[in-house]
Amino acid sequence: ELLLRFSLLGVNMNSEQIFGVIVGLIILSVGWIAKTLFYSRQLYVVSENLYRNSPLTDKGIMCEISIFNRGRQIEEDIEITLDNNLKYELLAYNDANAILDNNVIKINRLHKKSKLGVLLLVEDGDFTCKRINKIESKSEKGRIVEKLDQVPVNYIDGILGFIVVMILICLGGAGGYFYKD
C-alpha cells in the first residue's frame, strides 16, 4: 500500500529504498534525541543537613546547602535566593567562588557533574528547604528538592550507551540484509 501511495505521487521507489528512508529517519530521530539528552541542563539545590546545636551560636542553627550540576555543561552565574525573613551568615564552602550577598548565594561557576556545599548560620527562625525561594543560572532555572535522595541521577551516559548499541545492532542487521550472498 505504501508503494501504491508513492507511485500515485509520481515517486517510483522499491521496498529497499523505502526501507532505507525509514532507517535513515529512525537514525536521525535517535540522533536528535541523544543530542537533546546529552546537552540537557540539570541544576538542583537541597538543604542537606540542619545542625540545631552549635557552640558558635545560641540563637541560630547551622544549615548545609548543596548545589548539584548533574548536566554535562558548566553552569555560570548561579544565584540561590533565600527567604528575606531570616538572617544568614556564610560560614564555610567547598569552592572559593561562593559568596553571600543580601540573602542571595552567588556562585560564579559550577562544573559539569559536580556538587558544591555551603554551610550557613541561620538566625531569627527555623530553616527548611521551603526557605529557599529559587535557584537559577545564566541559562537554566534550577529545581529545589527537599531531600538528598530526590536529586535525580544523570542517566544520560547509560541511555547514550544503549542507543549506540542499538544503532550498531540495527546497522549490523541492515548490513546483513543488504549484503547477503
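The values are calculated or read from the model by the stated rules, or taken from the named source; none is laboratory data. Small disclaimer: the values here were computed from a predicted structure and weren't measured. Glycine gets a Cβ as well: all are built from the backbone with ideal geometry, and neighbour counts include every protein chain shown. Surface areas here come from the heavy atoms of the whole protein model, side chains and all, with no ligands, DNA or RNA. Shrake-Rupley method; radii C 1.70, N 1.55, O 1.52, S 1.80 Å.
Quick notes on this structure:
- Reachable aspartates and glutamates from K35, criterion Cα separation under 17 angstrom, eight or more residues apart if same chain: D157
- Highest-MSF residue in the chain out of S29, S47, S66 [GNM, Cα springs under 10 Å]: S29
- Once the chain from K138 to A92 is taken as fully extended at 0.36 nm per residue, the excess over their C-alpha distance is 14.2 nm.
- Choice from F68, F162, F127 with maximal GNM fluctuation in the chain (Cα, 10 Å cutoff): F162
- Cα gyration tensor shape of segment 68-145, rounded if a/c is under 1.5, else prolate or oblate by comparing a/b with b/c: prolate
- The chain, helix-only ellipticity at 222 nm - DSSP H runs n ≥ 4, -39,500 (n - 2.57), divided by all residues, nearest 500: -10000 deg cm²/dmol
- For segment 17-160, the solvent-accessible area of protein heavy atoms averages 58 Å² per residue (probe radius 1.4 Å; ligands and nucleic acids excluded).
- Note that segment 73-85 has calculated 3J(HN,Hα) couplings of 10, 6, 9, 10, 6, 7, 10, 10, 8, 9, 4, 6, 7 Hz, one per residue in order, obtained from phi through the Karplus relation 6.51 cos²θ - 1.76 cosθ + 1.60 (θ = phi - 60°); glycine and proline are x.
- Amide H within-cut-off set for R143, under 5 Å, with H built and near neighbours excluded: L43, Y44, V45
- Taking a straight line from the alpha carbon of K130, these lysines sit under 21 Å away, with near neighbours fewer than eight places off in the same chain left out: K59, K87, K106, K115, K141, K147.
- Of S15, S40, the residue with the largest accessible area leads and the full order is S15, S40 (1.4 Å probe).
- Couplings 3J(HN,Hα) for segment 137-144, derived from phi with the Karplus relation 6.51 cos²θ - 1.76 cosθ + 1.60 (θ = phi - 60°), are 10, 4, 10, 8, 9, x, 10, 9 Hz, where x marks Gly and Pro.
- Cα pair distances of the chain binned at 10 Å [whole percent]: 8, 27, 21, 13, 11, 10, 7, 3, 0
- Along segment 120-130 the Karplus relation, 6.51 cos²θ - 1.76 cosθ + 1.60 evaluated at θ = phi - 60°, assigns HN-Hα couplings of 10, 9, 10, 10, 6, x, 8, 10, 9, 5, 6 Hz to successive residues, with x for each Gly and Pro.
- Taking Cβ atoms as reference points and 12 Å as the exclusive limit, the residues near I61 contribute a net charge of -2, counting Lys and Arg as +1 and Asp and Glu as -1.
- On full extension, the segment bounded by L168 and V30 gains 48.4 nm, given 0.36 nm per residue less the C-alpha separation.
- Shape of segment 15-69, Cα gyration tensor, a/c cut at 1.5: prolate
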